[in-house]
Amino acid sequence: MSGIHQFVPVLHGGDAVGRHTLGLRDAIVARGFESRIYVDTVEAGTRTLTSPALAYPAEAHADDVVLYQFATASPMAAWLAARGETLVVNYHNITPPDLLAPWDNHLALGQLRAQAELRLLVQRAVLAVADSHYNEEHLVAAGFKETAVVPPSAALGSEILAAGRRSALPIAAAGGARWLSVGRIAPNKAIEDTIAALLVTRRQRDPSATLLIIGKAATTSYADALHRYVASLGLSNAVTFGGHARDATVAAAYARSDVLVVTSAHEGYCVPVVEAMSVGLPVVAFRQGALPEVLGEAGVLVDSRDPYTLAATIASVVHDAPLRARLAELAARRLAELDLATAADRFVSLLCGVRERRG
Amino acid sequence: MSAQPPPPDDAPQEDAPATPADSGAGEDHAAAVAALHAAFDRLRPQGSDAWNFLAAFTHLGDRYGPYQPGASDLSRRMEGQDHGPSGRPGTWKQRLAHKAGLAGAGRGSVGSAGGQTELEQAMAQVVEAFRFLSARVRTLEERLACEDRPIEGAAWLVPAPELGHWVDPVAAHIVGTSPGGDVLHADCGEGHLLDALVEAGVVACGVEPRGAVALGPLERGLSVALTEIADALAGRPPASLGGLVLSGVVDRLPLHAVVSLLARARDVLMLGAPIVIVASDPDKRGPWAGTVAQEILQPRPLHAETWELLLQRAGFVSVASLDGGGAGEGDARFALSAATPT
């Protein structure tokens, strides 16, 4: 029996692409299709959910639709391009290599390789789906003829977030404002800009302000540099590196924080922004990549990397109760526009359309 | 919503801006912002050149080594296929043989191992040699980092006391002996010596590794690099400094780092330029040196006699005790002056 199967280089249960892949799998199965997830590298935590890619040829059906989750370089791209099944690409963005090169040339070269692999898929994919219009522009620039945009089904589950849901009113800041950063610790996240702004804030207006950084280190050298930067700025007691955290821990962090700060130099989507909006946590972010698109009017965008400007903006958001209430209201409206609850189903509808046309 | 810089006082006021981004008009933040960014950029291990040694090496690995070292079954399968991510025809082995004119029979076309040409085998060995070298360099760098920075943020754990009463005598000595050019002070703290030197017409720059402390002089418009003195001197050309004052940092650095710091200082100072060391007297520990600081410092701080020896060994002349004019009484510190030979 033919099916709609997904390929992803590695399935991490706790990251955005992993959650998105699993969410799509469930939506595909709910429509009555067979759906398996094939990986290049088997991860222990998701072993039971995946099959090795090399097992696919023996299980393949000529009418299969193959969906490739594209976020990084992998021999899987060339391998799939050489096969005959109907191919759809789900594009999650490629971090620009020049942001990674100063920290890890291997990773930077991997991104260059990924760019080449994306171009390789142009001739083979019948459809390329981006998770933001910002990412769709990349697909068009690469040469994909048929593209679509569907947001990822990657945010933390509503039940988990509900546990952390709270009023959008400001938390009594007697102990200092609590800033939050969520996401991989990678150079494109530019977390150093958040740290510099915290330094300015503690010096100028809130000596007890703190920052909690939740996320797995994607680049060891960058994570080490952040630790050294924090120590040299005298912020060791104010910045906590929480590392990779369980979903419930992340949800609790949203609930206990006063503001989510996103100073990324490059973002293809930024799932934590959506999660913060879901729990009414105000977002202050640099105007970069897909952030203006995802946030809409529901957060505060900063145009400058100046930590003084960022610190002043965050202070205004943290201490201005009417503004926080207004942002929470706008966030709810923005989430309704994104309609994330039906995103996976809309994606499957696209795949069904492809399948019918090919049939 | 967008955060915009606040309008100038005389600008027409618009309806309640949603997010007043008060960036503290009136203070010189540009220097502080640049120093904060530069401080982090200095922590990049591979610089800003996208195509440095490691990138070039990785290219070699891609062309002549495995698709991804130690990667999956799928990547090994790709090795044998007639295409790659580059889209070029043929395997990397075939392309190499073609480029080298070795396709077909003949010397070098096929070696003994798995059908590789001799050139391919040689290149694969080069890749392995680079990989080994890269791993070795990384190990050494990590070891060196551990020696130089046994504890991150040591500058905070062993905080440098402000120069206090030493500002005037040190400034007077520098002004009287400097042949001209920039004068550097590390750790400059709140920048009181810089203030005095600037007031005397000297081009003075500070070095301060404690970011929160450095913001003070930076916001006053002084030139301060947010880093350690060794890093600050590393980027300076030879014979480019008109004077160097070392305080605070000299009580904190490991001995081997002090020796290399003085050697570097000797190189970057102009002929006849002064160097001043303001160090803690180990026999008169000040109240700032608490238990943690003392245990981290041991066996430092160094006696004046040791500093005299180190300065002489580094090639400085005219090593002498700097007269504090009574300013240093009750202060658990001493000062030595020296100069590069003329």
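All of the numbers you see were taken from the coordinates with simple rules; none came from a lab. Here the structure is a predicted model, which means the values were calculated and not measured. Neighbour counts are summed over all protein chains in view; Cβ atoms, including those assigned to glycine, are modelled from backbone coordinates with ideal geometry.
Using the Kirkwood radius over C-alpha pairs as Rh, can you work out the diffusion coefficient of the stretch A:1-128 via Stokes-Einstein at 20 °C, viscosity 1.002 mPa s, in µm² per second?
On the way: Rh = 15.1 Å.
The Stokes-Einstein estimate is 142 µm²/s.
What angle, in degrees between 0 and 90 and rounded to the nearest 10, separates the Cα long axis of helix A:321-338 from the longest principal axis of the Cα atoms of chain A?
0 degrees
Could you tell me the convex hull volume per residue, in Å³, taken over the Cα atoms of the stretch B:153-196?
Working: hull volume 3.5 nm³, N = 44.
Convex hull volume per residue, Cα atoms: 79 Å³.
Return an integer: the convex hull volume of the alpha-carbon atoms of the stretch B:156-339, in Å³ per residue.
Working: hull volume 18.9 nm³, N = 184.
Residue-normalised Cα hull volume stands at 103 Å³.
When the Karplus curve 6.51 cos²θ - 1.76 cosθ + 1.60 is applied with θ = phi - 60°, which whole-Hz ³J(HN,Hα) does each residue of the stretch A:119-127 get, with x for Gly and Pro?
5, 4, 7, 4, 6, 9, 7, 7, 7
Let me have the 222 nm mean residue ellipticity of chain A computed from DSSP H runs of 4+ only, each contributing -39500 (n - 2.57), with the sum over all residues rounded to the nearest 500. Provide the component values of the computation, followed by the final result.
On the way: 15 runs with 162 residues, N = 359.
Per the formula, -13500 deg cm²/dmol.
What percent of all Cα-Cα pairs in chain A falls into each 10 Å bin, going from 0 up to the bin containing the maximum distance?
P(r) for chain A, in whole percents per bin: 5, 24, 33, 23, 11, 3, 0.
Starting from the Cα gyration tensor of the stretch A:84-236, take the square roots of the eigenvalues, sort them a ≥ b ≥ c, and report rounded, prolate or oblate (rounded when a/c is under 1.5, otherwise prolate if a/b is larger than b/c, else oblate).
On the way: a/c = 3.13, a/b = 1.67, b/c = 1.88.
Here the stretch A:84-236 falls in the oblate category.
Provide the net charge surrounding A:Ser208, with neighbours chosen by a C-beta distance below 13 Å and charges set as Lys +1, Arg +1, Asp -1, Glu -1.
Details: positive: A:Arg178, A:Arg202, A:Arg203, A:Arg205; negative: A:Asp206, A:Asp258.
The answer is +2.
Once the other residues with Cβ under 14 Å from the Cβ of A:Arg31 are scored (Lys, Arg +1; Asp, Glu -1), what is the net sum? Numbers along the way, then the final one.
Details: positive: A:Arg25, A:Arg346, A:Arg355; negative: A:Asp26, A:Glu34, A:Asp345, A:Glu356.
Net of charged neighbours comes to -1.
Going by a ≥ b ≥ c, the root eigenvalues of the Cα gyration tensor, does the stretch A:158-319 fall in the rounded group (a/c under 1.5), the prolate group (a/b larger than b/c) or the oblate group?
Working: a/c = 1.22, a/b = 1.13, b/c = 1.08.
Cα axes put the stretch A:158-319 in the rounded bin.
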